[in-house]
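Let me begin by presenting the structure, written as structure tokens, before commenting on it.
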Amino acid sequence: MKTQNTLQVILTRNQNNKKEFLMLKRTESRGGFWQPITGRLEDEKPEEGAMRELKEETGIEEIIKISKISEFPNGQADGMEFVFLIEVDSSMKINLDCNVDIEKEHDEFKWCDIDEATKLAKWPQYKEALEKLK
């Protein structure tokens, strides 16, 4: 069985001297819950996967900074989940329809402060990653 490594990408920007974090709402057919950018690693390094997922899910390619903030077992055999924080310029626009090659994954997005992002996040591993940024 092939190891399946996964990713979380927490996207942040500075808006009016305040840090904001992007949360994405999955379509109803995919559970209808809020989460950061997520995905599976393909045959690539974790940082490359984080950049690919950022582009696939938001259309954003230009960043200010990327930092790995944690990694932990993801519960899939010996797989790991890698968590990255990516900062972008506040002028960057989110495009949820940017990847026409895959089924629509999200239908809503929201920039919010860390407390609201943590409350919106459905799964414990998302909440824990956001808590580390407080």
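If the condition is being within 12 Å of the chain's Cα centre (by Cα) and farther than 17 Å from T27 by Cβ, then the range 82-120 contributes F82, V83, F84, L85, I86, E87, A117. Whether a residue is out of contact with any Asp or Glu (no Cβ under 6 Å at 6 or more places or on another chain) and modelled with pLDDT under 95 was assessed, and Q35 does not pass this test.
Consider the range 23-40 and keep the residues that are under 14 Å from Q8 (Cβ atoms) and of a type in the set (V, I, T). The one that is surrounded by the most Cβ atoms within 10 Å (Cβ to Cβ) is I37. If you go through the range 4-22 and keep only what is closer than 14 Å to I86 by Cβ and buried (at least 18 other Cβ atoms within 10 Å of the Cβ), you end up with L7, Q8, V9, I10, L11, T12, R13, E20, F21, L22. Evaluated against (1) on the phi < 0 side of the Ramachandran plot; (2) in contact (Cβ under 8 Å) with a residue 40 or more places away in the chain; (3) not charged (D, E, K, R), A77 falls short on exactly one condition, (1). If you filter the range 60-95 down to residues that are under 18 Å from E20 (Cβ atoms) and among the small types (G, A, S), you find that the one that is surrounded by the fewest Cβ atoms within 10 Å (Cβ to Cβ) is S91. Any residue at all in the range 96-117 that's crowded, with 19+ Cβ neighbours inside 10 Å and free of Cβ contacts under 8 Å to residues at least 60 places away in the same chain? Among the residues of the range 96-117, not one is crowded, with 19+ Cβ neighbours inside 10 Å and free of Cβ contacts under 8 Å to residues at least 60 places away in the same chain, which makes the answer no. Across the range 1-17, the qualifying residues are those that are closer than 13 Å to C112 by Cα and at pLDDT 95 or above, and the one among them that is nearest to the chain's Cα centre (by Cα) is I10.
Taking the range 112-134 as the range and being under 23 Å from K18 (Cβ atoms), out of contact with any Lys or Arg (no Cβ under 7 Å at 6 or more places or on another chain) and of a type in the set (A, V, I, L, M, F, W, C) as the test, the residues that pass are C112, A117, L120, A129, L130, L133. Taking each residue of the range 122-134 that is part of a helix (DSSP H, G or I) and looking for partners that are of a type in the set (K, R) and surrounded by fewer than 19 Cβ atoms within 10 Å (Cβ to Cβ) with beta-carbon atoms closer than 9 Å, six or more apart or interchain, yields K127/K119. Within the range 51-70, does at least one residue satisfy the condition of being closer than 23 Å to T3 by Cα, of a type in the set (D, E) and modelled with pLDDT under 90? Within the range 51-70, not a single residue is closer than 23 Å to T3 by Cα, of a type in the set (D, E) and modelled with pLDDT under 90. Residue-level analysis places L54 outside the set of residues that are of a type in the set (A, V, I, L, M, F, W, C), surrounded by 12 or more Cβ atoms within 10 Å (Cβ to Cβ), in contact with a Gly (Cβ under 8 Å, 6 or more places away or on another chain) and under 17 Å from Q8 (Cα atoms).
The values are calculated or read from the model by the stated rules, or taken from the named source; none is laboratory data. All values derive from a computational prediction rather than experimental measurement. A quick note on method: Cβ atoms are made from the backbone with ideal geometry, for glycine too, and the neighbour counts reach across all protein chains shown.
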